[in-house]
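Since the structure comes first, as structure tokens, the remarks are kept for the end.
The values are calculated or read from the model by the stated rules, or taken from the named source; none is laboratory data. Just so it is clear, the model here is predicted, and its values are computed rather than measured. Cβ: placed from backbone, ideal geometry, glycine included. Neighbour counts: every protein chain shown. With ligands, DNA and RNA removed, areas are computed over all heavy atoms of the protein, side chains included. Shrake-Rupley method; radii C 1.70, N 1.55, O 1.52, S 1.80 Å.
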Amino acid sequence: MSERILEVGNLTVDIPVGNGMLHAVQGVSFHVDKGETLCIVGESGCGKSLTSLAIMDLLPSKAIRNANTLELDGEDILNVPERRMSDIRGNTMGMIFQEPMTSLNPAFTIGNQMVEILKRHRNVSNAEARDRAIYLLEKVGITAAASRLSQYPHQLSGGLRQRVMIAMTLMCGPDLIIADEPTTALDVTIQAQILLLLAELQREFEMGLILITHDLGVVARIADRVAVMYAGEVVEEGTANQVFNRPTHPYTQGLLECIPIPGKTERGKPLGSIPGIVPSLVGRFEACHFADRCPFAMDSCTDGNIALRPANEAGHAYRCLLSPEQCAANAKTKGVA
Amino acid sequence: MLIYAVKRLSVAILVAMTVSLITFSMIYLSGDPAMALAGESASQSDIENIRRVYGYDQPIMVQYFSWLGNALTGNLGHSHYLKTEVSEVIFTRLPVTMTLGACALTFALTLSIPLGVVAAMRPNTLIDRIALTIAVIGQALPSFWFALMMIILFGVTLRWLPITGSDSWMNFIMPSVALGYYITPAVMRLTRAGMLEVLSSDYIRTARAKGLRPSVVLFKHALRNAIIPVVSLAAVQFGFMLGGSIVIETIFAINGLGQLAWESILRADLPMMQAIVLVLSCFYIVLTFLADLLNAFLDPRIRVS
Amino acid sequence: MADGTPIVLSDSPRDGVEPSPSQRLKKRAFSHMGFVIGGIVLLSIFAMAMLAPLIAPHDPYDQQLARKMIPPIWHDSAKASWEFPLGTDQFGRDYLSRLIHGSQISLLIGFAAMLISGVIGTVLGVAAGYFGGKVDMVVNFIITTRLSLPVVLVALAVVSLVGNSLWIVIWVLGLLIWDRFAVVMRSTTQQVRNLDYVAAAQAIGCSTWRIIFSEIMPNIVNNLIVVATVEMAHAIILEAALSFLGLGVQPPAPSWGLMISEGKNHILFDPWLVGIPGVALFVLILSINLLGDGIRDVTAPENRN
């Protein structure tokens with residue numbers, strides 16, 4: 001068995017709002033191994049970004065985080081003082097954000113911001129830190145790296161800035177990188193380049209990578225394992241192969257139905273869509289979260305919370321009352337299996 | 001950067017020209033300046049004489065340009081009342097007012113910036129409410145009344161501070177506070193708002209995700225960006241303070257430009273009034289120009305483009 | 001919702017009708033402490049000014065040297081009496097009656113100067129924000145020029161040259177303090193102008209006037225009201241300062257600034273002569289500012305700071 005880098009057990013994030021408590025993340029569990037890419041997919045507001053911020057302990061101050069387990073490299077990072085946590089952040093665990101245009105400080109040069117992180121965590125000279133910054137800028141495909149160090153963020157394009165963010169995150173050689181929709185704000189042509197770059201670097205440096213995205217095409221190309229989130233819960237988890245070829249949860253099936261596949265999807269046939277809207281997560285409700293949008297909903301779906309349960313293959317789990325066989329049959333009729 | 005500076009400078013010069021025109025035309029507000037100068041008992045020939053001597057018989061534009069030309073060479077005219085060169089008097093008084101303004105600004109900034117930062121770091125807490133209360137009260141206190149109240153308390157009742165004069169640094173404490181507190185609310189509010197905005201920005205989240213120490217996040221990454229609009233405001237407010245010093249200097253009998261202005265107004269000493277308005281306006285223009293340059297230095301988006 | 005689409009989001013736990021926007025606005029307003037307190041105090045002062053001849057116990061101009069300098073009732077003095085609750089001044093005039101009548105002057109000057117400056121500033125600001133380009137450049141230049149002139153000094157100089165009466169003071173202040181209106185209206189108009197519905201109105205061929213009055217104005221009116229409160233307070237403070245320096249409202253009018261000025265000669269032994277009108281001024285300015293902050297918070301809760 002390979003080396004475990006991150007272990008998340010029963011993570012919850014609650015946010016007090018005007019009329020009650022918003023249960024944004026509800027009992028999420030997953031793990032990431034060395035050299036593994038875990039993709040967390042789901043639509044906006046399903047709690048995937050908050051999950052990643054919860055791991056980094058960067059949640060907004062009013063959000064309440066709870067978990068049974070939160071371990072990085074075997075060390076408990078749930079109940080550590082902020083001083084120790086700040087030693088970990090940027091050092092063994094780095095994060096890449098959605099908005100490259102605003103994620104770099106406009107007042108300082110690229111070099112300043114890259115050198116700063118290494119000097120914070122390692123006892124190195126300025127020259128050494130600069131050398132590493134140049135090395136990494138070249139690694140992320142930036143030409144004339146040395147001269148870029150004296151440039152300011154506003155002088156770079158969005159794609160270049162995101163490359164800088166990636167290089168900056170790599171400065172300390174982290175074991176785990178969390179990338180929260182790193183390409184959403186970029187041009188479509190740049191998106192693929194950045195993602196493939198991330199996947200390449202992840203292999204080269206043998207890091208764990210959590211990629212948060214709603215782009216299933218990307219997931220299919222670079223994920224080892226996939227966790228599908230819906231309304232604060234993981235509704236299906238498994239290897240990329242399992243989730244894409246044998247989607248079990250009705251929501252996953254619905255998501256896959258929405259992607260056209262060249263050569264496979266018939267011309268003129270309408271693409272799938274999932275009718276309805278995501279339920280409000282304010283206040284407790286004891287039911288399948290997907291029930292009111294699910295084409296296979298039964299009366300028993302609203303009787304109580306549904307537990308995540310194993311599917312037929314090892315490592316594949318889903319959160320539905322239907323048996324794996326029924327789900328497989330549903331997938332067939334929808335044409336996604 | 002150079003283009004930016006040149007652009008700003010040319011606007012500044014144009015503004016200064018306009019201001020000089022306005023200042024010049026002030027003498028015609030009272031009607032005939034020669035008549036005003038000669039006094040009520042003057043005969044018609046006296047008035048004509050004065051008109052010729054002071055050049056009031058020339059076309060207005062000729063008068064303006066000769067006045068402007070003199071002003072540019074440092075000759076701001078001759079005081080009717082003090083019978084001396086205006087520029088001489090102004091340059092002996094100017095340092096006093098500048099000192100007062102600088103003290104007041106220092107007082108205001110050392111009070112308002114930390115207060116604004118702390119309030120932004122802990123929004124909606126007790127300290128935030130206290131800061132806002134100070135701001136609200138400060139904005140409602142007329143400075144001349146606040147000055148008198150301080151005189152009653154610290155000068156008359158407690159006898160801690162001298163009431164009038166400008167001989168020692170002790171003389172400058174009350175006037176600086178009276179002049180400076182009035183701009184504190186504006187600077188504090190702007191610092192707080194800027195800090196709040198910056199603290200919730202993506203790059204602060206990045207800085208925290210890098211594991212940087214909270215002090216580095218706050219002072220390097222946040223304050224540097226939040227302070228940029230404060231620089232412009234401080235420059236503008238410093239200009240306002242110099243204008244407002246007329247009230248404070250009069251109350252505390254400080255021998256500065258403000259008191260000179262008040263005296264000149266009472267004496268109807270037109271050239272002196274004109275010169276003071278012109279000097280203060282130009283000082284303000286220079287100040288905002290410098291603030292623009294400082295902003296460009298602080299904000300690379302302006303500097304490198 | 002205009003096309004009659006039913007609202008899908010029906011998982012709201014509350015039954016019944018949601019409060020309308022204006023009801024919510026009212027609810028927010030009346031639960032905002034500053035708005036309520038500021039509003040009540042300002043209304044009271046307004047009522048006091050309106051009813052001054054009826055509620056003032058004495059004639060504010062009635063000088064009787066025999067009863068001069070009676071201290072207010074909280075003073076431990078045999079002379080203090082309920083006939084003159086706030087005492088009398090150095091001419092034996094009832095201080096309370098002067099205070100009550102003085103509120104008329106402050107409110108009139110504040111309101112009238114605010115109206116004048118509001119019209120000037122709004123026209124300039126909206127024009128600059130809406131038309132942009134050259135118009136914007138010119139307006140910006142005018143604003144910069146105006147800002148570089150020291151307000152107090154220019155106001156004093158102009159009043160001294162033109163002569164002083166209540167209406168001259170009002171006009172001079174009104175012509176000087178429009179800058180904030182222009183700056184704020186310009187930036188708000190720029191923001192609103194770039195919104196889609198303005199583009200839509202232009203696309204369907206609405207006239208410029210129509211767009212400005214029916215699309216732009218309703219969306220900047222909240223900011224306009226907020227600036228109006230700030231400038232009204234500003235004008236009142238400036239009038240008080242001018243009168244304090246002897247170049248505003250002339251004696252024997254009971255202007256609060258003038259009362260402070262007249263009282264300052266007795267500051268050593270009778271500080272209440274300065275204290276009472278100052279407190280009145282402070283309360284008036286405070287209530288206007290609280291109301292203004294309240295309006296800002298209530299109409300734009302997302303922008304509150």
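Numbers below:
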{"quantity": "Any hit, segment A:46-58, residues being more than 14 Å from chain B (Cβ to nearest Cβ), open to solvent by less than 30 Å² (accessible area, probe 1.4 Å) and either at pLDDT 90 or above or in a helix (DSSP H, G or I) (or both)", "calculated": "yes"}
{"quantity": "Residue within segment A:30-39 that is farther than 27 Å from A:I277 by Cα and exposed (fewer than 14 other Cβ atoms within 10 Å of the Cβ) present", "calculated": "no"}
{"quantity": "Entirely in segment B:1-64, the helices (runs of 4 or more DSSP H) that have 2 or more residues that are loosely packed, with under 13 Cβ neighbours inside 10 Å", "calculated": "B:2-25, B:44-53"}
{"quantity": "Any hit, segment A:82-90, residues being assigned to a loop (DSSP other than H, G, I, E, B), buried (at least 20 other Cβ atoms within 10 Å of the Cβ) and either touching a Cys at 6+ places or on another chain (Cβ under 9 Å) or at pLDDT below 95 (or both)", "calculated": "yes"}
{"quantity": "Qualifying residue in segment A:92-104 (condition: in a helix (DSSP H, G or I), open to solvent by 50 Å² or more (accessible area, probe 1.4 Å) and in contact with a Ser or Thr (Cβ under 8 Å, 6 or more places away or on another chain))", "calculated": "yes"}
{"quantity": "Filter pass, A:C327 being surrounded by 13 or more Cβ atoms within 10 Å (Cβ to Cβ), within 20 Å of A:G276 (Cα to Cα) and touching a strand residue (DSSP E or B) at 6+ places or on another chain (Cβ under 9 Å)", "calculated": "no"}
{"quantity": "Qualifying residue in segment C:133-145 (condition: over 30 Å from C:S207 (Cβ atoms), within 14 Å of chain B (Cβ to nearest Cβ) and modelled with pLDDT of 90 or more)", "calculated": "yes"}
{"quantity": "Residues within segment C:69-93 that are in contact (Cβ under 8 Å) with a residue 12 or more places away in the chain, of a type outside the set (S, T, Y) and within 14 Å of C:W272 (Cβ to Cβ), tallied", "calculated": "12"}
{"quantity": "The one condition in (1) open to solvent by 30 Å² or more (accessible area, probe 1.4 Å); (2) part of a helix (DSSP H, G or I); (3) of a type outside the set (S, T, Y) that C:G118 fails to fulfil", "calculated": "(1)"}
{"quantity": "Count - residues of segment A:130-151 that are touching a residue at least 40 places away in the same chain (Cβ under 8 Å) and in a helix (DSSP H, G or I)", "calculated": "1"}
{"quantity": "Selection count where residues are in contact (Cβ under 8 Å) with a residue 60 or more places away in the chain, out of contact with any Cys (no Cβ under 8 Å at 6 or more places or on another chain) and assigned to a loop (DSSP other than H, G, I, E, B), scope segment A:266-289", "calculated": "3"}
{"quantity": "Answer residue from segment A:221-240, given it is open to solvent by 10 Å² or more (accessible area, probe 1.4 Å) and assigned to a strand (DSSP E or B) and is farthest from A:R309 (Cα to Cα) among those", "calculated": "A:R225"}
{"quantity": "Leading residue by the ranking (surrounded by the most Cβ atoms within 10 Å (Cβ to Cβ)) among those in segment A:184-206 that are among the β-branched types (V, I, T) and under 17 Å from the mean Cα position of the chain (by Cα)", "calculated": "A:I194"}
{"quantity": "Any hit, segment C:126-138, residues being closer than 25 Å to C:I288 by Cα and buried (at least 22 other Cβ atoms within 10 Å of the Cβ)", "calculated": "yes"}
{"quantity": "B:S176 vs. criteria among the hydroxyl-bearing types (S, T, Y) and closer than 29 Å to B:A222 by Cα", "calculated": "no"}
{"quantity": "Residue match in segment C:292-305 (condition: open to solvent by 10 Å² or more (accessible area, probe 1.4 Å), in contact (Cβ under 8 Å) with a residue 12 or more places away in the chain and of a type in the set (S, T, Y))", "calculated": "yes"}
{"quantity": "Residue match in segment C:79-87 (condition: touching an Asp or Glu at 6+ places or on another chain (Cβ under 6 Å) and open to solvent by 30 Å² or more (accessible area, probe 1.4 Å))", "calculated": "no"}
{"quantity": "All helices (runs of 4 or more DSSP H) inside segment B:146-226 with 3 or more residues being more than 10 Å from every other protein chain (Cβ to nearest Cβ) and at negative phi", "calculated": "B:170-180, B:184-199"}
{"quantity": "Residues located in segment B:91-124, provided they are more than 16 Å from the chain's Cα centre (by Cα) and either within 27 Å of B:A253 (Cβ to Cβ) or open to solvent by 50 Å² or more (accessible area, probe 1.4 Å) (or both)", "calculated": "B:F91, B:T92, B:T110, B:L111, B:P114, B:V118, B:M121, B:R122, B:P123, B:N124"}
{"quantity": "All positions within segment C:25-47 that are over 19 Å from C:L107 (Cβ atoms) and of a type in the set (S, T, N, Q)", "calculated": "C:S31"}
{"quantity": "In segment A:109-118, the residues that are of a type outside the set (D, E, K, R) and either outside any loop (DSSP other than H, G, I, E, B) or crowded, with 21+ Cβ neighbours inside 10 Å (or both)", "calculated": "A:I110, A:G111, A:N112, A:Q113, A:M114, A:V115, A:I117, A:L118"}
{"quantity": "Count - residues of segment A:211-220 that are in a strand (DSSP E or B) and of a type in the set (V, I, T)", "calculated": "2"}
{"quantity": "Number of the condition not met by B:L266 [criteria: (1) open to solvent by 30 Å² or more (accessible area, probe 1.4 Å); (2) modelled with pLDDT of 90 or more; (3) out of contact with any Pro (no Cβ under 9 Å at 6 or more places or on another chain)]", "calculated": "(2)"}
{"quantity": "Members of segment A:146-159 found to be more than 12 Å from chain B (Cβ to nearest Cβ), under 19 Å from B:K210 (Cβ atoms) and open to solvent by 10 Å² or more (accessible area, probe 1.4 Å), listed by number", "calculated": "A:R148"}
{"quantity": "Options B:F297, B:F240: the member that is within 10 Å of the chain's Cα centre (by Cα), open to solvent by 30 Å² or more (accessible area, probe 1.4 Å) and within 11 Å of another protein chain (Cβ to nearest Cβ)", "calculated": "B:F240"}
{"quantity": "Single condition C:V274 does not satisfy, out of (1) at the interface with another protein chain (Cβ under 9 Å from one of its Cβ atoms); (2) touching a Leu at 6+ places or on another chain (Cβ under 6 Å); (3) more than 28 Å from C:T229 (Cβ to Cβ)", "calculated": "(3)"}
{"quantity": "Residue satisfying condition, being open to solvent by 60 Å² or more (accessible area, probe 1.4 Å) and assigned to a helix (DSSP H, G or I), within set C:R180, C:R186", "calculated": "C:R180"}
{"quantity": "Hey, A:N126 at pLDDT 90 or above, open to solvent by 20 Å² or more (accessible area, probe 1.4 Å), in the same structural domain as A:D76 (by TED's automatic domain parsing) and over 16 Å from the mean Cα position of the chain (by Cα) or not", "calculated": "yes"}
{"quantity": "Counted residues, segment C:63-73 - those being in contact with a helix residue (DSSP H, G or I) (Cβ under 9 Å, 6 or more places away or on another chain) and open to solvent by 40 Å² or more (accessible area, probe 1.4 Å)", "calculated": "0"}
